[in-house]
1. By the gyration tensor of its Cα atoms, with a ≥ b ≥ c the square roots of the eigenvalues, what is the shape of segment 66-125: rounded for a/c under 1.5, prolate for a/b over b/c, or oblate?
2. Going by C-beta contacts inside 10 Å, put CYS17, CYS114 in order with the fewest on the left.
3. Take VAL20, VAL94 and order them by how many other Cβ atoms sit within 10 Å, fewest up front.
4. In nanometres, what is the gap between the two model label sites at LYS107 and LYS165, each 7 Å from Cα along Cα-to-Cβ?
5. FRET efficiency for ASN73 and SER115, Cβ-Cβ distance as r, R0 = 25 Å, nearest 0.05?
6. Per 0.36 nm of contour for each residue apart, how much would the distance between ARG35 and TRP50 grow if the chain were fully extended, relative to their Cα-Cα spacing?
7. Note down the net charge around ASP92, summing +1 for each Lys or Arg and -1 for each Asp or Glu among other residues with Cβ under 14 Å from its Cβ.
8. For TRP50, TRP171, what ranking results if the residue with the fewest other Cβ atoms within 10 Å of its Cβ goes first?
Amino acid sequence: MRLLFTLFALSLTLFSCISVQEAANVVELAQAHTRIAVVPIDATVERKIWMTQDKYNELNKSKSEETQQRIYNFMQFYSRNGSIHAEIMSPDEVNSILFGAGFPTTKFTNNDLCSLLHVDAIIFGQIEVREPVSEVAAMAINNAYSNAMVITNIVQLTLNLYDAKSAKQIWNTQQVNRGQMGSIKENMQREVCRRAVRNLPYNLKKRRYKKAYEQLNGF
């Protein structure tokens with residue numbers, strides 16, 4: 001019972017959050033990009049006790065590729081509606097070049113990656129998928145405490161935008177999605193990717209980026 005109470009108390013301290021940090025001239029820098037690439041996303045999934053190391057590595061690799069593709073797909077959506085004007089390399093093309101050059105065993109700087117891919121900017125980051133409380137434990141807590149709000153799934157995505165010309169990271173976002181019993185991890189992962197891409201400085205339909213773009217062009 002003490003364990004259940006501790007888990008219940010911890011669950012009450014959890015909350016969802018979205019943060020964005022960016023350079024003061026991020027819109028000016030982003031508008032100079034004509035070709036950008038989403039590189040493989042570092043991924044860490046919850047490891048089950050029955051998983052071998054090979055299976056665990058395989059799941060992390062699969063999650064990395066899946067997240068990279070999702071980010072690309074959402075960027076393509078904004079490209080089709082006119083919010084993003086830069087060319088976006090497909091993950092297949094990006095990975096063919098990078099893996100052919102020995103990535104990730106061979107370490108590259110961000111500038112190296114931009115040069116290798118012939119892009120003005122790269123998007124990179126990390127995703128973490130955790131299960132702090134099992135569905136069975138959450139059900140027991142909910143039965144014991146009628147007002148319990150137990151967190152069973154946590155998805156955290158960090159995304160960064162690196163500008164080759166200035167050789168600086170010019171934008172960063174952290175998205176955290178916490179789900180209760182019955183939440184679906186795939187939906188949560190899709191949501192953090194969607195929100196992250198929506199906040200990219202390429203999206204001139206975002207009010208603050210639209211205003212900065214108009215000031216930059218004297219509108």
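Each value in this text was obtained by applying a stated rule to the coordinates, not by laboratory testing. All figures in this text were calculated on a predicted structure; none of them were measured in a lab. Cβ coordinates were reconstructed from backbone atoms using ideal geometry, including for glycine residues, and neighbour counts include every protein chain displayed.
1. In terms of gyration-tensor shape, prolate.
2. Least crowded to most crowded, the residues run CYS17, CYS114.
3. VAL20, VAL94
4. That separation, rounded to one decimal, is 3.0 nm.
5. The pair ASN73/SER115 has a calculated efficiency of 0.45.
6. 1.1 nm
7. Here the count lands on -3.
8. TRP50, TRP171
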